[in-house]
Amino acid sequence: QVQLVESGGGLVQPGGSLRLSCAASGRTLGSYIMAWFRQAPGKEREFVAVISRAGGTYYSDSVKGRFTISRDNAKNTVFLQMNSLKPEDTAVYYCAAATGINWYKTYADDYSIWGQGTQVTVSS
């Protein structure tokens, strides 16, 4: 079983950038479909982006064109580059891992392995 640890969150001004990392241990990330979700206070966990084992990507409409998900299987790490951040991007960001053939997974229930989350706050 793989364990996931997120890092890179923090406080940033609107329009700024952050790069989140999700480091895996216990097993190689190359075996998994990887995604980022986020959860704002009082709201349900929301899909952000997913990347297939081969590097295919898909984004939610709210982040498309601003966020980029990538993976470095050699370093066992997944990244989320976030640009042009907005106050509504404020949330705890989680990385998640899933198995299976279909990589187009946008529901939290599709993922069985989760990190502990990292807080992103966008505020002036």
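At 0.692 mPa s and 37 °C, plugging the Kirkwood radius over alpha-carbon pairs of the stretch 1-55 into Stokes-Einstein gives what diffusion coefficient in µm²/s? Answer from the Stokes-Einstein relation: 248 µm²/s. From the C-alpha coordinates alone, can you work out the Kirkwood hydrodynamic radius of the chain, in Å? One over the average 1/r among Cα pairs gives 14.2 Å for the chain.
Taking label positions 7 Å along the Cα-Cβ direction at both Ser7 and Glu46, the computed distance is 2.7 nm, reported to one decimal.
Accessible surface comparison of Lys105, Lys75, probe 1.4 Å, protein chains only, largest first: the order is Lys75, Lys105.
Global size of the stretch 53-101: 12.3, 36 Å for Rg and Dmax (C-alpha atoms, Rg to one decimal, Dmax whole). Only protein heavy atoms count here; under a 1.4 Å probe, Asp109 has an accessible surface of about 150 Å².
Taking 0.36 nm per residue of sequence separation and removing the Cα-Cα distance, the Ser17/Asn102 pair yields an extension gain of 27.5 nm. Partners of Lys64 within straight-line reach, counting aspartates and glutamates whose Cα lies under 16 Å from its Cα and excluding those fewer than 8 residues away in the same chain: Glu46, Glu88, Asp89. Computed from the Cβ-Cβ distance with R0 of 22 Å, the FRET efficiency linking Gln119 to Asp61 stands at 0.40.
The values are calculated or read from the model by the stated rules, or taken from the named source; none is laboratory data. What you see is a predicted model, and the numbers here were worked out from it, not measured in a lab. Because the Cβ atoms are built from the backbone with ideal geometry, glycine has one as well, and the counts that use them run over all protein chains shown. Side chains are part of the model used for accessible areas, which takes the heavy atoms of the whole protein and leaves out ligands, DNA and RNA. Shrake-Rupley method; radii C 1.70, N 1.55, O 1.52, S 1.80 Å.
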